[in-house]
Amino acid sequence: MTEWQDRTIEQRHLLNPAFCAVVLWQMAKGYQTEAATGTDATAALPLELAFVGASFVLRGQTRRQLPVTVRTSLATWIQDHPLERSAVAKGVGILRPYVREALVFGAQHGALSMTGRRVVSEPGAAKRINGYLKQSSADVRDCAGQALFVGRWLNKGGTPSTVMAMLGVQA
């Protein structure tokens, strides 16, 4: 992990722990929301999918090519976007230390918690996060909105091992 003072300005803005924690909170919230409509209302975001989801959301080109509905299957999207599939897989490894840092930051600030190997968005953080998003740029709000979507979409994508296999991500 690069020391904070040695990070580029882009890394400081896009990959800072507070922003990434908001993205993860939104993703976990989306996952939990979709789970509540299914058979397992208590399901939380699997830890592995936090890394996968961050790769979908934090890369602008990939984020702009996401489907508009969760009814579009992950398998179909992958077939239609083979270059993005490889970018997501590569991004998982690149973003790993930043996602870890964001998970710790989010937990320390009461936004995220871990239940086993699952990430939970703490409802008590909603007011702070929504306040932050209201004052944020359109790009930040887009990332947050897409993170919510990606959480819902990954819930429908299958088991974590299936999602990772489809994307070519090594555990």
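The values are calculated or read from the model by the stated rules, or taken from the named source; none is laboratory data. Computed from a predicted structure; not experimentally measured. Note that each Cβ is placed from the backbone with ideal geometry, even for glycine, and that neighbours are counted across all protein chains shown. The area values use the complete protein model at the heavy-atom level, side chains included, leaving out ligands, DNA and RNA. Shrake-Rupley method; radii C 1.70, N 1.55, O 1.52, S 1.80 Å.
Points worth noting:
- Taking label points 7 Å from Cα along the Cα-to-Cβ direction, residue 94 and residue 61 give a separation of 0.9 nm.
- Approximating the spin labels as points 7 Å out from Cα along Cα→Cβ, the residue 114-to-residue 83 distance works out to 3.7 nm.
- Among the protein heavy atoms, those of residue 122 account for about 60 Å² of accessible surface (1.4 Å probe, every chain in place).
- CD proxy at 222 nm, helix term only [per DSSP H run n ≥ 4: -39500 (n - 2.57); per residue of the chain; nearest 500]: -21000 deg cm²/dmol
- Of all aspartates and glutamates in the structure, not one lies under 13 Å Cα to Cα from residue 90 without also being fewer than 8 positions from it along the same chain.
- For the range 39-95: rounded, prolate or oblate by the Cα gyration tensor [a/c cutoff 1.5]: oblate
- As a length-normalised measure over Cα pairs under 8 Å and 6 or more apart, the relative contact order of the chain settles at 39 percent.
- Counted over all Cα-Cα pairs of the chain, pairs farther apart than 30 Å make up 10 percent.
- Per residue, the chain exposes 51 Å² of solvent-accessible protein surface, assessed with a 1.4 angstrom probe and all protein chains in place.
- For the chain, with all protein chains in place and a probe radius of 1.4 Å, 54% of the accessible heavy-atom surface sits on carbon or sulfur.
- Bridging of residue 29 to lysines at a Cα separation below 19 Å is possible for 127, 134, 156, once same-chain residues fewer than 8 apart are set aside.
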